[in-house]
Protein chains: 2
Amino acid sequence: MTRSTLDRRAAQKAERRSTIVDAARDLIEERGGPTFGVDELAARADVSRRTVFNHFPSLDDLFLTVCEDALAVVVDDFLARIARTPLGDGGRSAMFDEIAAAMHDADLPAAIATILRILGGPSPADERKAPLTDAAFSRVTERLLAEVLRRHPAADVLEAELLVESLMGGIVVISRHWVERTGGRLDAAARATWQDLLARLIANVRNGYLPAAP
Amino acid sequence: MTRSTLDRRAAQKAERRSTIVDAARDLIEERGGPTFGVDELAARADVSRRTVFNHFPSLDDLFLTVCEDALAVVVDDFLARIARTPLGDGGRSAMFDEIAAAMHDADLPAAIATILRILGGPSPADERKAPLTDAAFSRVTERLLAEVLRRHPAADVLEAELLVESLMGGIVVISRHWVERTGGRLDAAARATWQDLLARLIANVRNGYLPAAP
DNA sequence: TGCATTGAGTGCAAGGTTGCACCTAGTGTA
DNA sequence: TACACTAGGTGCAACCTTGCACTCAATGCA
């Protein structure tokens with residue numbers, strides 16, 4: 001009754017893949033950034049150098065995966081916060097309120113700092129890795145949208161997409177500003193800066209998305 | 001500086017092999033004997049049924065390997081006892097004495113009981129497995145001979161072989177008798193029976209191998 | 001006796017991993 | 001500028017594992 005039908009190959013391949021990802025994460029933690037080569041990574045993962053490229057078309061893809069894995073815990077927390085709030089009526093205001101509240105509560109600065117650590121600091125020498133940040137946030141956006149639609153099956157899909165895109169796109173924008181200003185620090189001042197930026201974002205989106213308060 | 005040159009393939013293959021052996025040992029422990037099929041073993045080892053036969057030409061070979069692994073600890077103890085005794089002059093008497101002493105001290109009944117458990121009890125239904133017992137003892141003989149020759153580089157090789165063969169062959173003989181009489185028990189009475197048989201063996205070999213005492 | 005069933009063992013093709021040779025772009029240096 | 005060197009990435013053949021279909025011998029049963 002083991003997973004005989006479910007192809008043991010798939011499980012083993014996934015295990016190899018996560019072995020590589022784990023090794024990369026560990027090395028990043030130790031070095032404070034992705035400052036290592038394929039050979040070193042392969043040796044750490046006890047895997048052939050060739051196998052690394054069999055699983056990931058490039059190192060950037062691997063780093064992106066590490067990013068997403070590291071972000072996953074924060075995203076899970078973020079979505080859990082939304083899930084814990086009572087269900088609204090599926091209207092614009094209900095969806096907006098629950099997302100905004102979760103954004104206030106979730107430790108997004110920590111998540112962003114994680115990305116920065118992975119991608120090499122607030123002022124990375126090579127800008128090639130900027131798209132990775134976008135890609136990481138893009139996955140978060142997808143998950144958030146899915147959660148919102150799950151919670152509000154009757155909601156207008158287009159409106160939900162616009163809302164989530166606006167908010168998450170804004171998060172990317174204010175993340176960059178926040179990194180510029182604070183360097184990704186996690187002290188009280190930096191967190192205050194984040195709250196300021198977040199407040200401006202939410203106010204902006206509310207103004208454009210929700211009807212003006214009477 | 002990892003084992004890059006030493007072919008990672010060999011290491012991985014060895015690991016797979018020991019995974020299978022471990023699974024077999026565990027199953028034997030649980031069932032009290034090798035009362036399981038290839039499919040169950042493969043599932044337990046999380047390995048393809050085909051892979052089992054890629055590593056072992058038959059289940060008997062696998063059982064033999066489990067035997068040897070289980071025996072290894074006792075054999076190590078046995079050889080360690082010999083190694084701890086002071087080096088003699090390399091003559092017949094010196095070699096005989098140190099082996100005989102180790103045989104007295106080592107817990108051979110436990111080793112034999114282990115084999116019995118693995119091979120299915122003192123009165124196995126199928127006699128096909130009898131050769132496995134001989135094979136297991138044969139490996140022990142090889143190791144003992146190597147150890148003796150290592151300790152006595154100047155010894156006559158033929159005489160050392162004859163001595164070890166005689167003693168170990170005798171061990172096989174009295175093991176069978178011991179199992180017949182005691183069923184492989186490990187209580188005081190059974191151990192006394194073992195000591196009786198062993199004394200007769202050693203006396204026999206001494207009479208034939210060493211010159212009569214003056 | 002005839003027949004179905006079970007379990008050991010094999011042949012084979014498909015797919016994953018590995019080592020090696022190789023290509024290429026970027027970088028340091030004379 | 002020319003050259004060497006490093007490091008990411010690819011092509012390829014060899015090897016290992018796996019699932020599947022198959023054979024064969026033993027056992028159980030009508």
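Which ones in the stretch B:72-82 are open to solvent by 50 Å² or more (accessible area, probe 1.4 Å) and more than 28 Å from B:Ala23 (Cβ to Cβ)?
B:Arg81
Taking the residues in the stretch A:48-63 that are assigned to a helix (DSSP H, G or I) and within 14 Å of chain B (Cβ to nearest Cβ) as candidates, determine which candidate is nearest to DNA strand D (Cβ to nearest atom).
A:Arg50
Taking the stretch B:149-172, which residues are at pLDDT 80 or above, of a type in the set (Val, Ile, Thr) and under 21 Å from B:Ala199 (Cβ atoms)?
B:Val164, B:Ile171
Is it true that some residue in the stretch B:8-21 is modelled with pLDDT of 85 or more, within 11 Å of DNA strand C (Cβ to nearest atom) and open to solvent by less than 20 Å² (accessible area, probe 1.4 Å)?
No: the stretch B:8-21 contains no residue that is modelled with pLDDT of 85 or more, within 11 Å of DNA strand C (Cβ to nearest atom) and open to solvent by less than 20 Å² (accessible area, probe 1.4 Å).
To keep it simple, each residue is scored yes or no on (1) under 28 Å from A:Met103 (Cβ atoms); (2) outside the structural domain of A:Pro109 (by TED's automatic domain parsing).
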{"position": "A:Glu29", "(1), (2)": "yes, yes"}
{"position": "A:Ala43", "(1), (2)": "no, yes"}
{"position": "A:Arg49", "(1), (2)": "no, yes"}
{"position": "A:Val66", "(1), (2)": "yes, no"}
{"position": "A:Val74", "(1), (2)": "yes, no"}
{"position": "A:Arg84", "(1), (2)": "yes, no"}
{"position": "A:Gly91", "(1), (2)": "yes, no"}
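Out of all the residues in the stretch A:22-38, which are open to solvent by less than 40 Å² (accessible area, probe 1.4 Å) and part of a helix (DSSP H, G or I)?
A:Ala23, A:Ala24, A:Leu27, A:Ile28, A:Val38
State all residues of the stretch A:28-47 that are more than 9 Å from DNA strand D (Cβ to nearest atom) and at pLDDT 90 or above; if no residue qualifies, say none.
Of everything in the stretch A:28-47, those that are more than 9 Å from DNA strand D (Cβ to nearest atom) and at pLDDT 90 or above turn out to be A:Ala42, A:Ala43, A:Arg44, A:Ala45, A:Asp46, A:Val47.
Residues being within 11 Å of DNA strand D (Cβ to nearest atom) and either at positive phi or within 13 Å of chain A (Cβ to nearest Cβ) (or both): count how many of those fall in the stretch B:12-27.
4
Within the stretch B:183-192, track down each residue that is assigned to a helix (DSSP H, G or I) and without any contact (Cβ under 8 Å) to a residue 40 or more places away in the chain.
Residues satisfying the conditions are B:Ala188, B:Ala189, B:Ala192.
Restricting attention to the stretch B:39-71, and to residues there that are of a type in the set (Val, Ile, Thr) and within 12 Å of DNA strand C (Cβ to nearest atom), which single residue is most open to solvent (accessible area, probe 1.4 Å)?
B:Thr51
The values are calculated or read from the model by the stated rules, or taken from the named source; none is laboratory data. On a predicted model such as this, the values are computed, not experimentally measured, just so you know. Here Cβ is always computed from backbone atoms with ideal geometry, including for glycine, and neighbour counts include all displayed protein chains. Areas reflect the complete protein model, heavy atoms only, side chains present, ligands, DNA and RNA absent. Shrake-Rupley method; radii C 1.70, N 1.55, O 1.52, S 1.80 Å.
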